[in-house]
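The values are calculated or read from the model by the stated rules, or taken from the named source; none is laboratory data. The shown structure was predicted, so the numbers you read here are calculated from the model rather than taken from an experiment. Here Cβ is always computed from backbone atoms with ideal geometry, including for glycine, and neighbour counts include all displayed protein chains.
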Amino acid sequence: MDRYKILKTIGDGTYGSVSKAVHKTTGEVVAIKQMKKKVRNWNECVTMREVRVLLNISHPNVVRLLEVIKEDNYLALIFEFLDEDVYHHIKDRNKLLSETQIRNIKFLDEDVYHHIKDRNKLLSETQIRNIIFQTLQGLAHMHAKGYFHRDLKPENLLLKSGTVKIADFGLVRDIKVQPPCTEYVSTRWYRAPEVLLRSQNYGPSIDIFAVGAVMAELYTFKPLFPGSSEADQLIKVCKVMGTPRNWPQGLALATQIGFRFPNENGISLQNIIPNSSEAGIDLMRSMLQYNPESRPTALDALRHPYFSSSLQIPRNIPEAGPQPALAVKATDANNFSRPKHEPKGEPRLSVYERIKKAKYSPGVNCKL
């Protein structure tokens, strides 16, 4: 950690804090996530779910893990740094001055005036389409690799130079792991109905529901389901989407926890989101369905006609190939770098498997 200079704290949560830092030698700006829980050994570090998953995922729309550092029984994850997240992007635009306020500012340069005025508008559908397309690309890759995120929300979608990257894998889970799953996951406003009803058998479709809620918020700058509790959250969903009629599993879950769905016909999404195209409304409606089996997969959503109406979509973001294995020098087991070519004759092991197989001493730094 001595190689990095902390510039400022970005956020502080239950499990760890995130800081903006700079590498003292290279000048590279990074984000450092310092975990609050102590770790006893290196094996415990690399078997942590978040670390293990990030070591096995490489995609342009997933935040890149650069380095793993164990120091004084604490773990630090070094990530690429991105300028802002979708939440603060929306929040900053909401804070912008009204046109009257802008005009009243003395000596305001005309170019500056138009810049502020233009930023004071809602996002265009092209901008929203790009954000959702890239988010779904990252999700499709994750789901294909066998993981689902469980905490998708505007704060966890990072932005830099038009690129969207999914971040914060603290609640990530393996798709193939047998239930029960943890009941309390994801931020409430983006939580799928089956999770609100405390189902312990859910999967990647909860990520799709969250994308639908985020997409609606990008159009209006307001959360679609701003519930104040789990029960209120379900009521908010019912008011918009109507009472579930053809979801027997959901009705059974509600009965088990003593929740009674209100009798609601729902509100047309077009009335709530008048600035969306019909294709956008259709995609959101499909992702926000009650029955998780009826929601599209991330790959199916990418094929929706909503994404065929703009030439500005980055359609050909390359799929990441297999990650090269980490090279371990016999003379220095604490120093790792990616080899240009995998040695012939060796079995193809994942990055995670190579790390776990290697022998480590205390104070290990693993550069990816």
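Return a yes/no flag: does the stretch 4-15 have any residue that is touching a Phe, Trp or Tyr at 6+ places or on another chain (Cβ under 6 Å) and not charged (D, E, K, R). So that I can check it myself, show each step before the final result.
So the first thing to find is which residues in the stretch 4-15 are touching a Phe, Trp or Tyr at 6+ places or on another chain (Cβ under 6 Å), and the list is none.
The answer is no, given that none of the residues of the stretch 4-15 is touching a Phe, Trp or Tyr at 6+ places or on another chain (Cβ under 6 Å) and not charged (D, E, K, R).
If you take the residues in the stretch 1-34 that are polar (S, T, N, Q) and surrounded by fewer than 14 Cβ atoms within 10 Å (Cβ to Cβ), which one is farthest from the chain's Cα centre (by Cα)? Before you say what the answer is, go through the steps one by one.
So in the stretch 1-34, the residues polar (S, T, N, Q) come out as 9, 14, 17, 19, 25-26, 34.
Filter again for surrounded by fewer than 14 Cβ atoms within 10 Å (Cβ to Cβ), leaving 9, 14, 25-26.
Values: THR9: 20, THR14: 18, THR25: 30, THR26: 28 Å.
Of everything passing the filter in the stretch 1-34, THR25 is farthest from the chain's Cα centre (by Cα).
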Among the residues of the stretch 220-233, is there at least one that is hydrophobic (A, V, I, L, M, F, W, C), assigned to a helix (DSSP H, G or I), crowded, with 20+ Cβ neighbours inside 10 Å and assigned by TED's automatic domain parsing to the domain that holds LEU136? no
Within the stretch 65-76, the residues that are touching a helix residue (DSSP H, G or I) at 6+ places or on another chain (Cβ under 7 Å) and either charged (D, E, K, R) or within 19 Å of THR26 (Cβ to Cβ) (or both) are LEU65, VAL68, LYS70
Residues that are touching a Lys or Arg at 6+ places or on another chain (Cβ under 8 Å), free of Cβ contacts under 8 Å to residues at least 60 places away in the same chain and within 19 Å of LEU139 (Cα to Cα): does the stretch 246-260 have at least one? no
Output yes when any residue across the stretch 35-44 is under 21 Å from TYR87 (Cα atoms), surrounded by 14 or more Cβ atoms within 10 Å (Cβ to Cβ) and not assigned by TED's automatic domain parsing to the domain that holds MET142, and no when none is. no
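Could you pull out the residue among GLU264, GLU194 that is assigned to a helix (DSSP H, G or I) and either modelled with pLDDT of 95 or more or farther than 20 Å from LEU123 by Cβ (or both)?
Working: GLU264 fails: assigned to a helix (DSSP H, G or I).
Matching residue, one of GLU264, GLU194: GLU194.
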